[in-house]
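To keep things clear, I will list the structure first and then write my remarks on it.
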Amino acid sequence: MRNDAAADRALDLYADTVRRICFIHLKSNADVEDVFQEVFLKYLLHDNPFESDAHEKAWLIRVAINACKDVLKSFFHKNVSSFDDLHNEPFYFQEQESEVMDAILKLPEKYRDVIYLHYYEGYSAVEIAKIIGKKENTIYTWLDRARKKLKESLGGGQIGR
Amino acid sequence: MEDKLRSAFDKIHADNTLKTKTASYLSIEINKRSQAATRPRLRLAALCSVILLFVVISGFSHNLFFTPTAYVDMDINLSLGLAVNRFGRVIETYAYNDDGSAILDKANTRFKKYGEAMRILLDDVISEGYLKEDGLVFVSVQAGDDSLDGMLEWLEQVIAASLAGHHANVETDVFAITSEVRQIALEHHTTPAKYLAILELQTIDPTVSIDDYTGHGIGEIRERTRNQGGRHHTGGDDMQTTDEHGQPAVDSHKTEEHHNKPGGSGNGGHPHDNGSGYHGKKK
């Protein structure tokens with residue numbers, strides 16, 4: 001098991017990344033907090049060394065995505081409505097950013113992941129395929145469809161490959 | 001559009017409250033799990049100690065049970081032996097010849113009390129026809145001083161009971177031997193009783209070699225001793241001398257002479273004196 005120093009380091013380096021993944025999947029603050037803590041706890045309990053920082057980051061992203069999916073699939077989440085709506089939280093988006101984020105959040109979950117990983121984190125389709133355990137062609141398809149949906153929502157702005 | 005996407009995601013941060021809460025949660029979990037990891041180690045250490053103790057005690061008990069403290073060797077014409085532990089149980093049997101082997105294969109004496117084992121063996125010996133009505137049963141016992149007398153007495157009773165009735169004329173002798181005698185006998189691949197009988201033959205005929213006679217039955221060796229008397233022996237081929245009734249021929253002079261020795265063969269006692277390790281308990 002990793003120690004406190006490793007926990008602090010991971011939080012410094014990857015807190016925002018994990019938080020963004022939580023943002024695009026979860027609505028409840030409580031769910032975010034649970035997933036956030038669970039991801040970093042799993043990191044502490046993961047004894048095997050990482051080959052590189054990039055490997056470490058990719059591992060955390062995969063764990064975070066899976067943790068979010070687990071929460072969404074859970075019986076409790078499906079059957080209990082939360083009073084706590086995360087997206088009313090005070091992230092200060094400018095008008096355009098808010099419009100973009102709304103469009104992203106309207107996408108199916110799998111498209112949100114590939115959009116975030118490709119356009120924000122800069123991963124290639126091959127890398128995304130490895131991270132989320134899908135075939136490359138699937139990732140290309142999802143990226144293409146996500147781009148088209150965003151284009152429809154946002155009205156014509158070009159999104160490059 | 002890519003810039004807008006990036007700009008929108010840039011606005012999302014893990015706030016300090018979430019980080020602080022998570023850091024403190026992780027710290028608590030680390031401590032909890034460290035302690036939990038230590039407890040199993042302590043439990044494991046305790047468990048290991050118990051197992052070790054159990055193994056040591058088991059090993060000690062096993063050693064205690066499976067260490068022979070006495071040996072009972074029997075000669076009829078077949079020869080066999082029992083290794084007996086401190087609890088009087090037979091922990092090993094061994095044969096000195098093929099007939100002995102055949103009897104041991106048939107009889108189940110493992111972990112039985114030595115007296116019961118002797119009774120079973122004698123029953124099988126009789127039922128298989130190894131013991132003639134005028135045969136002999138020689139039993140030597142090597143044991144510690146504290147148990148020797150008891151063993152001799154019990155074996156005498158068991159043998160007498162087994163032979164009572166149909167084998168009343170069988171010559172029997174239950175006697176004690178030292179470990180040194182038994183050791184030398186084993187070096188010659190023979191029983192202590194037979195070894196002592198050959199030694200006695202040697203006193204009459206010094207040319208006799210022990211190994212020449214280990215393949216013969218004890219009855220034959222004793223008969224040879226009786227027949228040789230004072231004569232010098234030159235070989236073992238004429239050992240089967242019998243009288244007109246088919247009984248072993250006895251040199252009355254030598255027999256009388258042996259009667260006067262402790263353990264002399266003439267009265268059915270053991271054919272050797274105390275100086276060779278014979279303790280002199282005889283019937």
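The values are calculated or read from the model by the stated rules, or taken from the named source; none is laboratory data. All of these numbers come straight from a predicted model, not from anything done at the bench. Positions of Cβ are generated from backbone atoms using ideal geometry, with glycine treated the same way; all protein chains shown enter the neighbour counts. Ligands, DNA and RNA are excluded from the accessible area calculation, which covers all protein heavy atoms including side chains. Shrake-Rupley method; radii C 1.70, N 1.55, O 1.52, S 1.80 Å.
Dipole magnitude of segment B:25-160 about its Cα centre, charges +1 at Lys/Arg Cβ and -1 at Asp/Glu Cβ only, in debye to the nearest 20?
Values: 13 positive and 18 negative charges, 378 e Å.
For segment B:25-160, the charge dipole is close to 1820 debye.
For B:LEU47 and A:ASN48, what does the FRET efficiency come to when R0 = 30 Å and r is the distance between their Cβ atoms, rounded to the nearest 0.05? Approximately 0.60, to the nearest 0.05. Between the beta carbons of A:SER124 and A:SER153, assuming R0 = 25 Å, the FRET efficiency works out to 0.55 to the nearest 0.05. Within chain A, the proportion of Cα pairs with more than 26 Å between them is 31 percent.
Charged side chains reduced to their Cβ positions (Lys and Arg at +1, Asp and Glu at -1) give segment B:117-230 a dipole of some 200 debye around its Cα centre. Write out the chymotrypsin sites (Phe, Trp or Tyr not before Pro) in segment B:83-177 meeting two conditions: DSSP loop, and at most 13 other Cβ atoms within 10 Å of their Cβ. Qualifying residues, ordered by number: B:PHE87, B:PHE111.
How large a share of the accessible area of chain A, in percent, is made up of carbon and sulfur atoms when the probe is 1.4 Å and the other protein chains stay in place? Don't skip to the end; give the middle numbers.
On the way: 4070 of 8610 Å².
That share works out to 47 percent.
Comparing mean-square fluctuations of A:LYS57, A:LYS135, A:LYS149 from a GNM of chain A with C-alpha springs under 10 Å, the top value falls on A:LYS135.
In this rough spin-label picture, where each label sits 7 Å from Cα along the Cβ direction, the B:ASP10-B:ASN108 distance is 9.1 nm. Any idea what % of Cα-Cα pairs in segment B:80-189 are farther than 15 Å? When all Cα pairs of segment B:80-189 are counted, 65 percent exceed 15 Å.
Charging the Cβ of each Asp and Glu at -1 and of each Lys and Arg at +1, and nothing else, the dipole of segment A:1-62 about its Cα centre rounds to 220 debye. Only DSSP H runs of four or more residues enter the estimate; each adds -39500 (n - 2.57), and after division by the residues of chain A the mean residue ellipticity at 222 nm equals -22000 deg cm²/dmol.
The B:SER101 and B:VAL56 beta-carbon pair, evaluated with R₀ = 41 Å, returns a calculated FRET efficiency of approximately 0.65. Comparing the full protein assembly with the isolated chain (1.4 Å probe, heavy atoms, ligands and nucleic acids excluded), the residues of segment A:20-48 losing at least 30 square angstrom of accessible area are A:ARG20, A:GLU33, A:PHE36, A:GLN37, A:LEU41, A:LEU44. Between A and B, buried accessible area from a 1.4 angstrom probe totals roughly 3100 Å², ignoring ligands, DNA and RNA. Multiply the residue gap between B:ASP134 and B:ALA37 by 0.36 nm, knock off their C-alpha separation, and tell me the result in nm, one decimal place. Between B:ASP134 and B:ALA37, full extension yields 27.1 nm more.
For the pairs A:LYS27/B:LYS4; A:LYS42/A:LYS135; A:LYS69/B:LYS19; A:LYS27/B:LYS32; A:LYS69/A:LYS130, note any where the Cα-Cα span goes beyond 24 Å. Beyond 24 Å: A:LYS42/A:LYS135; A:LYS27/B:LYS32. A convex hull fitted around the alpha carbon atoms of segment B:1-155 yields 218 Å³ per residue. Each label point was placed 7 Å from the Cα along the Cα-to-Cβ direction; for B:ASP145 and A:ASP144 their separation is 10.4 nm. For A:ILE131, the solvent-accessible surface computed with a 1.4 Å probe is close to 10 Å², ligands and nucleic acids excluded.
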